[in-house]
Amino acid sequence: MKTLKIKKYHFESLLGKIEANDALIVVEDGSVTSSTFEQKKHEHILDSNEIARLSLEIAKDFFSKNYQGIIRGDRGLSNKEVSGIRAVLGLTATELALLLGIDKGTMSKILHGKFKMKRPECILAMERLLDELGSPGYAKHLLSRKPIKSGRNRITDILIAESYKSAS
């Protein structure tokens, strides 16, 4: 097994896809080099750190392309995108529901595509994604402090998110 740095590597997550520069892969075939590697042809793996790095790149791109549209109400979040945000935050569905002030049954319906997330919760999800991109582990930190009471914290977060709309 050897590690190779690949100039252009196609990577996909629930939030989108990118052509990554200098991706680190591991191949078993000792005859494969960085210049002879073909992603669709050669068996290879990415280690967890590389997956995390590439996933964060996609999440940053997703945020920058979609945040303003969500703030303006031009778009919402698909169940696939909510699942992608949950994965980046490193949360279970129940933890994400708690963080966003949504009932866990409703969150399950959202994740299974049976229910659309409302605009305030979409905004909060994007804000939590931004927090995580700036400070990895922040969502887990918020959940570990003390139980979030549905009501005051959720309303405060919605008002903060709504203030972004007014400012734009």
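Some values worked out for this structure:
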item: Residue match in the stretch 144-154 (condition: at pLDDT below 85, hydrophobic (A, V, I, L, M, F, W, C) and not in a helix (DSSP H, G or I)); result: yes
item: Meets criteria (of a type in the set (Phe, Trp, Tyr), crowded, with 17+ Cβ neighbours inside 10 Å and either touching an Asp or Glu at 6+ places or on another chain (Cβ under 6 Å) or assigned to a helix (DSSP H, G or I) (or both)) for PHE37; result: no
item: Single condition VAL32 does not satisfy, out of (1) touching a Lys or Arg at 6+ places or on another chain (Cβ under 9 Å); (2) of a type in the set (Val, Ile, Thr); (3) more than 20 Å from ALA125 (Cα to Cα); (4) touching a residue at least 40 places away in the same chain (Cβ under 8 Å); result: (4)
item: The stretch 1-17: number of residues that are among the basic types (Lys, Arg) and exposed (fewer than 12 other Cβ atoms within 10 Å of the Cβ); result: 2
item: All positions within the stretch 133-143 that are in a helix (DSSP H, G or I) and surrounded by fewer than 22 Cβ atoms within 10 Å (Cβ to Cβ); result: LEU133, GLY134, TYR138, LYS140, HIS141, LEU142, LEU143
item: Restricting the stretch 40-69 to residues that are at pLDDT 90 or above and of a type in the set (Ser, Thr, Tyr), the residue that is surrounded by the fewest Cβ atoms within 10 Å (Cβ to Cβ); result: SER64
item: Residue within the stretch 10-31 that is assigned to a strand (DSSP E or B), touching a helix residue (DSSP H, G or I) at 6+ places or on another chain (Cβ under 9 Å) and charged (D, E, K, R) present; result: yes
item: The one condition in (1) surrounded by 19 or more Cβ atoms within 10 Å (Cβ to Cβ); (2) in contact with a helix residue (DSSP H, G or I) (Cβ under 7 Å, 6 or more places away or on another chain) that GLY84 fails to fulfil; result: (2)
item: Residue check for LYS116: outside any helix (DSSP H, G or I), surrounded by fewer than 18 Cβ atoms within 10 Å (Cβ to Cβ) and not acidic (Asp, Glu); result: yes
item: Matching residues, the stretch 66-95, being within 19 Å of ARG119 (Cβ to Cβ) and without any contact (Cβ under 8 Å) to a residue 40 or more places away in the chain; result: GLY69, ASP74, ARG75, SER78, ASN79, ARG86
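The values are calculated or read from the model by the stated rules, or taken from the named source; none is laboratory data. Treat the numbers as computed from the prediction; the structure is a model and nothing was measured. Cβ sites come from the backbone with ideal geometry, for glycine too, and all protein chains shown count toward neighbours.
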